[in-house]
Amino acid sequence: MQTTNVSSRILCPHLRGKIMSAEEAAALIPSGVNVGMSGFTGAGYPKAVPSTLAKRIMDANLHGKKFKIGVWTGASTAPELDGALAMVDGVEMRLPYQSDPTCRKRINAGEMEYIDIHLSHVAQFVWGGFLGKLDVAVVEVAGILEDGRLIPSSSVGNNKTWLDQADKIILEVNAWQNPHLEGMHDIYYGTALPPHRKPIPILKTDDRIGDPYYKIDINKVIAVVETNKADRNSPFTPPDANSKLIAGHILDFLQHEVKKGRLPANLLPLQSGVGNVANAVMAGLQDGPFENLTAYTEVLQDGMLDLIKCGKLTCASATSFSLSPAALEELNADLPRFKDSIILRPQEISNHPEVIRRLGVIAMNGLIEADIYGNVNSTHIMGTSIMNGIGGSGDFARNAFISIFMTPSSAKNGAVSCIVPMVSHVDHTEHDVQVIVTEQGLADLRGLAPKQRAKVIIDKCAHPNFRPALREYYERALRYSPGRHTPHLLDEAYTFLPNWVANQTARAAWRDDATVQADAWAK
């Protein structure tokens, strides 16, 4: 065991005796086990053990020995985890969300199994035993207190559940993580399985209902690894013209709702997916008329950090940071300034349907394609190839006070319409989609029957190049559909898709661009 140069962040004498190298720790993870790893959108993931384990798996493969594990996380992670393990074909089952290109390639090739789950469901699935046994937890922390309690790092995700449910625990203590993170977290230990559940006592975005630390059985800890490595998140590109137009439509809509008396002057808590469009909306809010904003979301990204800096956003509750390198550097340089405005919770709480419904969250999420009746596909290309996963969008969309989905009206330089007759895969049904926005306009679908929705979506959201074909399809469906409530010609509903598939050059370009799109839609 490695016992020299012990970090001042490991204060528990018992756990100091467990300090070892990443190689020694990785050797304690056998083939065939399920491993719950920390990490949520490139923040707070273990930096050393997964990549070292990948080397061990590669060596086993070279000697003809099959070595695979199940990998459970909070959401997407980083190349040192997902990429490294996928590269050596070391993952038997992955859940609940991923965005790594190598991981995605193996899933779509049928070489890796993947379960796409609502993020709020993961903890209860594990507690209920639906996913099998959790053998090992590998969790990054910012420090260990004298009594064995753990200081969470830059994401919480499912870590509380991993630490509670795993038979064995490996801790990575990362000295890079800002010590001022201590006290920012709210780890709630009051959840239970039916029939013992109680209401989650969050009445306001800034309510704290738990502890700032993880509590563990220190006897389950089999290894402690010291690291000093930064989180890895990709930079966001500046909002383009379409993103700014989409943001403008949303801001106009929110102002209209305030004038109508349907929203308070400071709006309701905001939830926003990750990406350039989401950051464009946040940038628009900086210059808008709204003050004293709050956020109840799953990730805190650049736009929300900017809103905190300018005083527009008073509190942001999330489960993880998802910041560009520049924004992350700024946060760490001045973390005490932001500390009172940010709360990081377990994702079973940040995404909890009961809390989302009670607070009246305004949910804003991206999509891949929407159909003329309001069904949304946010996960699959051409109906069969996974992009990333549903993430938390379903948790928020179904339970939000206002559920908004946004996208450019076309993709691949205008070759593909993002508004189609029928989506090739359904993640969010028309019942959970209230507003669709593209750079062309905003379709408020509340109170509209299917045929009314179709007209508004085509007129307001479809790109002008595709509107004639969509209208022609809809008019023929009105005449020839067997039923007239949601008119469709099922033998033609995917006419946009076969025409696209027939264009082999464009199809190849679409696939090549999947990684870029995945980064934009991740989380």
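The values are calculated or read from the model by the stated rules, or taken from the named source; none is laboratory data. Here the structure is a predicted model, which means the values were calculated and not measured. Every residue, glycine among them, receives a Cβ derived from its backbone with ideal geometry; neighbour counts consider all protein chains shown. Only protein heavy atoms, including side chains, enter the accessible area calculation; ligands, DNA and RNA are left aside. Shrake-Rupley method; radii C 1.70, N 1.55, O 1.52, S 1.80 Å.
At a glance:
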item: Residue within region 339-360 that is among the β-branched types (Val, Ile, Thr), modelled with pLDDT of 95 or more and assigned to a loop (DSSP other than H, G, I, E, B) present; result: no
item: Flag if Arg398 is of a type in the set (D, E, K, R) and closer than 18 Å to His249 by Cβ; result: no
item: Pick from region 296-337, criterion hydrophobic (A, V, I, L, M, F, W, C) and over 21 Å from Ala280 (Cα atoms), ranking: farthest from the chain's Cα centre (by Cα); result: Ala333
item: Conditions (1) crowded, with 22+ Cβ neighbours inside 10 Å; (2) touching a Phe, Trp or Tyr at 6+ places or on another chain (Cβ under 8 Å); number of the one not met by Lys312; result: (1)
item: Enumeration of residues in region 377-396 that are in contact with a helix residue (DSSP H, G or I) (Cβ under 8 Å, 6 or more places away or on another chain) and under 14 Å from His431 (Cα atoms); result: Gly394, Asp395, Phe396
item: Residues that are in contact with a Pro (Cβ under 7 Å, 6 or more places away or on another chain), buried (at least 24 other Cβ atoms within 10 Å of the Cβ) and either more than 19 Å from Glu80 (Cβ to Cβ) or among the charged types (D, E, K, R) (or both), drawn from region 140-180; result: Glu140, Val156, Lys160, Glu172
item: Lys215 vs. criteria open to solvent by less than 70 Å² (accessible area, probe 1.4 Å) and among the basic types (Lys, Arg); result: no
item: Residue count for region 13-38, restricted to those that are over 24 Å from Thr73 (Cβ atoms) and surrounded by fewer than 20 Cβ atoms within 10 Å (Cβ to Cβ); result: 4
item: Residue in region 239-254 that is open to solvent by 10 Å² or more (accessible area, probe 1.4 Å), over 15 Å from Met406 (Cβ atoms) and in contact with a Leu (Cβ under 8 Å, 6 or more places away or on another chain) present; result: no
item: Selection status of Asp116, at pLDDT 95 or above, at positive phi, open to solvent by 40 Å² or more (accessible area, probe 1.4 Å) and not hydrophobic (A, V, I, L, M, F, W, C); result: no
item: Cβ-Cβ under 7 Å pairs, at least 6 apart or on other chains, region 1-19 side within 18 Å of Glu140 (Cα to Cα) and modelled with pLDDT under 95, far side open to solvent by less than 60 Å² (accessible area, probe 1.4 Å) and of a type in the set (Val, Ile, Thr); result: Val6/Ile19; Ser7/Val173
item: Filter result for the condition that a residue is open to solvent by less than 10 Å² (accessible area, probe 1.4 Å), of a type in the set (Asp, Glu) and assigned to a helix (DSSP H, G or I), over Asp395, Asp459; result: Asp395
item: Where a residue in region 232-252 is more than 28 Å from Asp82 (Cα to Cα) and its partner, wherever it lies, is part of a loop (DSSP other than H, G, I, E, B) and among the hydroxyl-bearing types (Ser, Thr, Tyr), with Cβ under 9 Å and at least six apart; result: Asn242/Ser409; Ile246/Thr407
item: Near pairs, Cβ below 7 angstrom, 6+ apart or cross-chain, from region 331-355 (under 14 Å from Asp207 (Cβ atoms) and basic (Lys, Arg)) to any residue that is open to solvent by 10 Å² or more (accessible area, probe 1.4 Å) and not in a helix (DSSP H, G or I); result: Arg345/Tyr188
item: Residue check, Leu263 over 30 Å from Leu145 (Cβ atoms) and either open to solvent by 40 Å² or more (accessible area, probe 1.4 Å) or within 21 Å of the chain's Cα centre (by Cα) (or both); result: no
item: Residues being of a type in the set (Val, Ile, Thr) and without any contact (Cβ under 8 Å) to a residue 24 or more places away in the chain - total across region 210-231; result: 0
item: Hey, Tyr188 in contact with a Gly (Cβ under 9 Å, 6 or more places away or on another chain) and aromatic (Phe, Trp, Tyr) or not; result: yes
item: Qualifying positions in region 418-445 - open to solvent by less than 10 Å² (accessible area, probe 1.4 Å) and either of a type in the set (Gly, Ala, Ser) or without any contact (Cβ under 8 Å) to a residue 40 or more places away in the chain (or both); result: Gly441, Ala443
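Residue by residue, here is whether (1) at pLDDT 95 or above; (2) over 16 Å from Ser350 (Cβ atoms); (3) part of a loop (DSSP other than H, G, I, E, B) holds:
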position	(1), (2), (3)
Ile170	yes, yes, no
Val173	yes, yes, no
Gly190	yes, no, yes
Pro195	yes, yes, yes
Pro199	yes, yes, yes
Leu203	yes, no, yes
Arg208	yes, no, yes
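A quick yes/no check of all residues on (1) open to solvent by 20 Å² or more (accessible area, probe 1.4 Å); (2) in contact with a strand residue (DSSP E or B) (Cβ under 9 Å, 6 or more places away or on another chain):
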position	(1), (2)
Ala280	no, no
Leu293	no, yes
Asp302	yes, no
Ser320	no, yes
Leu323	no, yes
Ala326	yes, no
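One line per residue, one yes/no per condition, for (1) in a loop (DSSP other than H, G, I, E, B); (2) open to solvent by 30 Å² or more (accessible area, probe 1.4 Å):
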{"site": "Gly374", "(1), (2)": "yes, no"}
{"site": "Ile404", "(1), (2)": "no, no"}
{"site": "Pro408", "(1), (2)": "yes, yes"}
{"site": "Asn413", "(1), (2)": "yes, yes"}
{"site": "Arg479", "(1), (2)": "no, yes"}
{"site": "Gly483", "(1), (2)": "yes, yes"}
{"site": "His488", "(1), (2)": "yes, no"}
